[in-house]
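Inspection log for the structure reproduced underneath, given as structure tokens.
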Amino acid sequence: MNQGASRECRIICSTGAVFDNNDLKTVWELEDSIWAQTTHGVSYTFPELGQSIYKDDEKELQKTIICQDLIWSKDGTSLVTIHNDYGIRQYLIPEEEETEAWENDDVKQLIPFTRFFKNQSMVSSKVHPYYSLYNDDPKHNTVLLASRDVPLQLYSVDNSHQGPICNYETMDSNTERYETAYSIDYMTEKEFLVGFMKNRINLYNVNRRNPVWSIQPATSKSKISAKAIVSCFDEVNFNGDGYYSRCRLAGTYKNEIYRIDTRVSPSQDLVYQGDQTHNSGLIQILNSLNGNYVYLIKRNSITIDVLDRRLNFQRVNQLPLPFNMGNHKFKASLSSQLGLIMGTNAGYLIQWDNDTVEFGGVPRQARTSITAETGCRISFPQRDTHRVAASPDGMSVAVAHENGLSIARLG
């Protein structure tokens with residue numbers, strides 16, 4: 001992979017101009033109209049799209065819609081998106097045999113299969129790792145949604161339950177206020193981790209309201225660290241073989257990483273402490289597929305840091321980015337097919353192939369080098385591309401950008 005190398009990217013389906021407006025009512029009406037046109041005359045009865053309680057409230061309608069989260073189903077047949085219009089949407093991905101016009105670059109319209117709205121913004125969310133529209137058992141077709149001043153809640157992805165399935169206890173007994181869940185990730189099929197302020201982490205069973213395990217440092221090396229927000233957990237792949245790691249990593253907005261182990265009495269070890277002077281808090285922790293390296297996505301950074309687990313999480317490399325992340329939450333994706341791929345603020349994608357990623361970011365021809373190259377540039381004709389997620393089979397990539405959502409295939 002040479003610096004400056006370029007690859008082509010073909011968009012196969014997109015939301016088009018639906019979200020390209022800063023008036024929510026206009027966006028929702030256009031989305032409803034396209035949905036009605038597309039589903040009209042089809043033998044299958046599609047569920048009606050849910051409506052926002054704010055559709056007639058002029059004060060709430062002037063806003064640019066941004067995709068906050070983007071999750072593939074386990075089989076790659078659908079997507080769930082979380083938007084800042086308080087909407088949760090499911091999208092069905094067109095099958096290859098249904099896209100005969102790909103060869104002449106015709107882009108299919110991407111419309112919601114289902115849509116429902118919360119009545120307030122969501123700070124964090126997490127879809128069950130075994131979610132799929134084709135599940136026989138709907139227990140996995142759920143999404144955890146966290147907002148301010150309310151309990152953490154579990155919903156069916158299509159809101160077929162008509163309200164939360166379960167509320168989880170997050171109230172601070174001292175202040176009698178609900179604490180905000182800033183990060184959520186599944187530990188097992190039935191358990192999930194939640195990160196709060198002051199480095200506190202709870203482990204919940206999906207069937208129990210109260211946490212089954214909790215940890216918060218009694219002391220800290222600094223008052224700053226003691227007040228840190230747990231911003232993310234390391235991302236792991238659930239392959240359905242029944243094996244789950246009980247040892248996980250938790251990152252904070254103070255650029256720290258703690259190792260937690262739910263098999264033992266509550267304890268957490270500080271394994272990495274980065275620069276705390278430039279507000280470069282952790283957004284995402286990605287594991288290399290061979291388990292040797294950890295890739296850190298940070299705010300206000302021009303690099304992706306590479307840590308080596310075998311060297312006690314020592315930083316061994318940095319992948320240079322062609323832009324400064326700023327305070328925006330750009331998120332990357334790592335897969336065996338596509339390697340490490342990420343969007344930019346200039347409307348294109350960058351990629352480091354899997355062979356490079358598995359060796360700590362150093363290309364094969366330069367294994368002794370300590371400086372990685374900027375990733376291969378992938379043409380993608382959009383604006384700010386802040387969310388990227390590779391499909392489970394690694395053949396396609398979902399991209400959330402400034403004016404919508406696209407599914408693309410690398411050429």
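The values are calculated or read from the model by the stated rules, or taken from the named source; none is laboratory data. Not measured: the values here are computed from a predicted model. All Cβ positions, glycine included, derive from the backbone under ideal geometry; neighbour counts span all protein chains shown. What goes into the accessible areas is simple: the full protein's heavy atoms, side chains included, and nothing from ligands, DNA or RNA. Shrake-Rupley method; radii C 1.70, N 1.55, O 1.52, S 1.80 Å.
Other residues lying with their Cβ under 12 Å from the Cβ of PHE192 contribute a combined charge of +1, Lys and Arg counting +1, Asp and Glu -1.
Quick check: net charge around MET325, other residues with Cβ under 10 Å of its Cβ, Lys/Arg +1 and Asp/Glu -1? Provide the component values of the computation, followed by the final result.
On the way: positive: LYS298, ARG299, LYS329; negative: none.
Residues close to MET325 contribute a combined charge of +3.
Considering only alpha-carbon pairs that sit under 8 angstrom and 6 or more positions apart, the relative contact order computed for segment 253-401 is 17 percent.
Expressed as a fraction of 2.2 N^0.38 Å, the C-alpha radius of gyration for segment 301-411 is 1.06.
So if each residue of separation counts as 0.36 nm, and I subtract the Cα-Cα distance between HIS278 and THR26, what length gain in nm does that give? Mind showing how you got there, number by number?
Details: separation 252, 0.36 × 252 = 90.72 nm, distance 3.91 nm.
Fully extending the segment from HIS278 to THR26 adds 86.8 nm.
Once both labels are positioned 7 Å from their Cα atoms along Cα-to-Cβ, the gap between GLU189 and SER214 label points is 2.9 nm.
If R0 is 30 Å, the Cβ-Cβ spacing of ASN207 and ASN84 corresponds to a FRET efficiency of close to 0.50.
Is the C-alpha gyration tensor of segment 283-363 telling us rounded, prolate or oblate? Criteria: a/c under 1.5 is rounded; beyond that, a/b larger than b/c is prolate, otherwise oblate. Display every interim value, and only then the final one.
Numbers: a/c = 1.98, a/b = 1.36, b/c = 1.45.
Taking the square roots of the gyration eigenvalues as a ≥ b ≥ c, segment 283-363 is oblate.
Along segment 377-390 the Karplus relation, 6.51 cos²θ - 1.76 cosθ + 1.60 evaluated at θ = phi - 60°, assigns HN-Hα couplings of 7, 10, 5, 8, x, 9, 8, 2, 9, 9, 10, 9, 9, 6 Hz to successive residues, with x for each Gly and Pro.
A Förster distance of 22 Å, applied to the separation of the beta-carbon atoms of ASN167 and LEU133, puts the FRET efficiency at 0.30. Taken over the chain, the convex hull of the Cα atoms encloses 154 Å³ per residue.
Remark: the chain carries 46 Å² of accessible area per residue (probe radius 1.4 Å; ligands, DNA and RNA excluded).
Rounded to the nearest 500, what is the chain's calculated 222 nm mean residue ellipticity when only DSSP H runs of at least 4 contribute -39500 (n - 2.57) each, over all residues?
Details: 3 runs with 25 residues, N = 411.
Calculated at 222 nm, the ellipticity per residue is -1500 deg cm²/dmol.
The share of accessible area on the chain that comes from carbon and sulfur is 45 percent, using a 1.4 angstrom probe. Label positions at GLN337 and LEU270, each projected 7 Å from the Cα along the C-beta direction, are separated by 4.2 nm. The slack between SER43 and LYS55, meaning 0.36 nm per residue of separation minus the straight C-alpha distance, is 1.4 nm.
Each Cα pair under 8 Å and six or more residues apart adds its separation to the average, and for the chain the resulting relative contact order is 15 percent. Straight-line cross-link reach from LYS190 at under 20 Å between alpha-carbon atoms covers these lysines, not counting any fewer than eight positions away in the same chain: LYS74, LYS126, LYS139.
Within straight-line reach of LYS227, meaning a Cα separation under 19 Å, sit the following lysines at least 8 residues removed in sequence or on another chain: LYS198, LYS254, LYS298.
Within the P(r) computed for segment 102-188, what percentage of the Cα pairs occupies the region above 16 Å?
Numbers: 2301 of 3741 pairs.
Roughly 62 percent, once rounded to a whole number.
Extending 7 Å from Cα along the Cβ direction at GLU8 and again at MET395 yields two label points whose distance is 1.9 nm. Each principal axis of the Cα cloud of segment 30-100 was evaluated for its coordinate range; sorted largest first, these ranges are 44, 29, 20 Å.
Segment 136-187: Rg/Rh from Cα coordinates, Kirkwood Rh? Please list the in-between numbers first.
Numbers: Rg = 12.4 Å, Rh = 12.0 Å.
Looking at segment 136-187, the ratio lands at 1.03.
Shape analysis of segment 20-163 places it in the oblate category; the axes a ≥ b ≥ c from the Cα gyration tensor give an a/c of at least 1.5, with a/b not above b/c.
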